[in-house]
Amino acid sequence: MDYSEKVLDHFMNPRNIGKITNADVEATEGSPACGDQVTYYLKINEETLTIEDIKFLSYGCASNIATASITSELVKGKTLEEASNFTWKQIVESLDGLPSVKIHCSVLAVDALKSAVKKYQIEKGLRAAEPFNEKTVMQEMRSIIHSGAGDDIVTLNMVKSIEYQDGILTINLNISEKDVHKCTVVSEIKEHLSRFEEVKELNVRA
Ligand code: FES
């Protein structure tokens, strides 16, 4: 696999690796696509709402470790707001790119960081827990990467419509019959959405 020097450096010498035992918040995200996962531990200054310390543990591939490492460097010392504004595309750019089949690894790391920030903000009453609706689903769809194109299925206009009513969620996709990644995309959607207890029935039409 063709990795940039930066990816190899962060993989071989990961920054901020480990666990913070008295962390203010921690969050884990797993990838349905490969079964890997990453956990972030954060120490947060309650007055300035900045990330004073950050560590991570990765049970993933080289891209996962490199992305988690560079993300930890980029957000250390930043406010929670600034940290949650980072996108996986910015992180991939800061690593001088990743092969398209490895993009989902960076999404995983960035999602874990955002989950930790969100969890802290909700616990401290800095933001309200969001109700589950079509917007939540669209947000999840942005974490699903089409490995051939190396981009998320929302950006690729593959999500035609989302309907949610009385626990029944229907997602209509705009994806070619001949697309070799179609089955992977559909099964990723199912695995992502099955985490939500609000979804009693899920239909993905491709
Ligand atoms: Fe699983 Fe990279 S995180 S393949």
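Below is a table of values for the structure above.
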{"item": "Residues located in region 143-162, provided they are without any contact (Cβ under 8 Å) to a residue 40 or more places away in the chain and surrounded by fewer than 18 Cβ atoms within 10 Å (Cβ to Cβ)", "result": "V154, T155, L156, N157, K160, S161, I162"}
{"item": "Some residue of region 78-90 being open to solvent by 10 Å² or more (accessible area, probe 1.4 Å), farther than 14 Å from T50 by Cα, touching a residue at least 24 places away in the same chain (Cβ under 8 Å) and away from the ligand (no atom under 16 Å from the Cβ)", "result": "yes"}
{"item": "Residue in region 121-142 that is within 16 Å of the ligand (Cβ to nearest atom) and either within 24 Å of E188 (Cα to Cα) or surrounded by fewer than 22 Cβ atoms within 10 Å (Cβ to Cβ) (or both) present", "result": "no"}
{"item": "Residue satisfying all of: in region 28-69; open to solvent by 10 Å² or more (accessible area, probe 1.4 Å) and among the hydrophobic types (A, V, I, L, M, F, W, C); farthest from the ligand (Cβ to nearest atom) among these", "result": "L49"}
{"item": "Given (1) touching a residue at least 12 places away in the same chain (Cβ under 8 Å); (2) open to solvent by 20 Å² or more (accessible area, probe 1.4 Å); (3) under 19 Å from S100 (Cβ atoms), index of the condition K200 fails", "result": "(3)"}
{"item": "Region 1-40: number of residues that are over 30 Å from K190 (Cβ atoms), outside any loop (DSSP other than H, G, I, E, B) and of a type outside the set (V, I, T)", "result": "7"}
{"item": "Cβ-Cβ under 6 Å pairs, at least 6 apart or on other chains, region 33-47 side more than 17 Å from K118 (Cβ to Cβ), far side near the ligand (Cβ under 8 Å from one of its atoms)", "result": "A33/H104; D36/G60; D36/N64"}
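The values are calculated or read from the model by the stated rules, or taken from the named source; none is laboratory data. Keep in mind the model is a prediction, meaning the values are calculated, not measured. Neighbour counts run over all protein chains shown; Cβ positions are idealised from the backbone, glycine included. All accessible areas refer to the heavy atoms of the entire protein, side chains included, with ligands and DNA or RNA removed. Shrake-Rupley method; radii C 1.70, N 1.55, O 1.52, S 1.80 Å.
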